[in-house]
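Undergrad: Before anything else, here's the structure in question.
The values are calculated or read from the model by the stated rules, or taken from the named source; none is laboratory data. Predicted, not measured: the structure shown is a model, and the values here were computed from it. Quick reminder, even Gly has a Cβ in these numbers, built from the backbone with ideal geometry, and neighbours come from all protein chains shown. The area values use the complete protein model at the heavy-atom level, side chains included, leaving out ligands, DNA and RNA. Shrake-Rupley method; radii C 1.70, N 1.55, O 1.52, S 1.80 Å.
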Amino acid sequence: MVTRREVLAGAAGTSMLALLPTQAAAGIDHQVMMLNKGAKGAMVYEPDLIVAALGDTVTFVPTDKSHNAESISGMFPDEATAFKGKLNEQITVTVEKEGVYGVKCLPHYAMGMVALIIVGQPVNLQQAKAVRHPGKAKTVFEGLLAQVPSV
């Protein structure tokens, strides 16, 4: 793909490059630690509530072993891409659709190792609230979803 800068450079010469405004900075990368023990107890993501903007990335860092991060069916916006990280491996997700994204650690889902990403307007909030969760994940998500402003 040819960039705007390349087109202008070819058409008007490289001296025009100095007059171009610099491109907007890339989105923010939100770091989330995958922990055996954190401020909220055992088997947690820290933080477990991430407020991001369109184009931001969320990087799940395997601080402790035996964790992953993956999207939860029914808890991400329409047309958003589902993701599934491998155990003990970092995964970076770019959020490109507005809504809420539910995230779980598959081995520790029932123990409440879940997180919620909010991007722009929570257009799929009611759909996300309707998803059923095992064990402690249900209670953790009730608390996280209660913090999301309604559309």
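Undergrad: List the residue pairs whose Cβ atoms are under 6 Å apart, where the first residue sits in the stretch 14-40 and is over 30 Å from M111 (Cα atoms), the second is surrounded by 11 or more Cβ atoms within 10 Å (Cβ to Cβ) and modelled with pLDDT of 95 or more, and the two are 6 or more positions apart or on different chains.
TA: Listed pairs, sorted by first residue: G27/G55; G27/D56.
Undergrad: Considering only residues of the stretch 27-84 that are within 16 Å of Y101 (Cβ to Cβ) and of a type in the set (S, T, Y), which is surrounded by the fewest Cβ atoms within 10 Å (Cβ to Cβ)?
TA: Result: S73.
Undergrad: I'd like to know if the stretch 136-147 contains one or more residues that are polar (S, T, N, Q) and open to solvent by less than 20 Å² (accessible area, probe 1.4 Å).
TA: No, the conditions are met nowhere in the stretch 136-147.
Undergrad: OK, next. For the list (1) in a loop (DSSP other than H, G, I, E, B); (2) at pLDDT below 95, I need the number of the one condition that M16 fails.
TA: The one condition M16 does not meet is (1).
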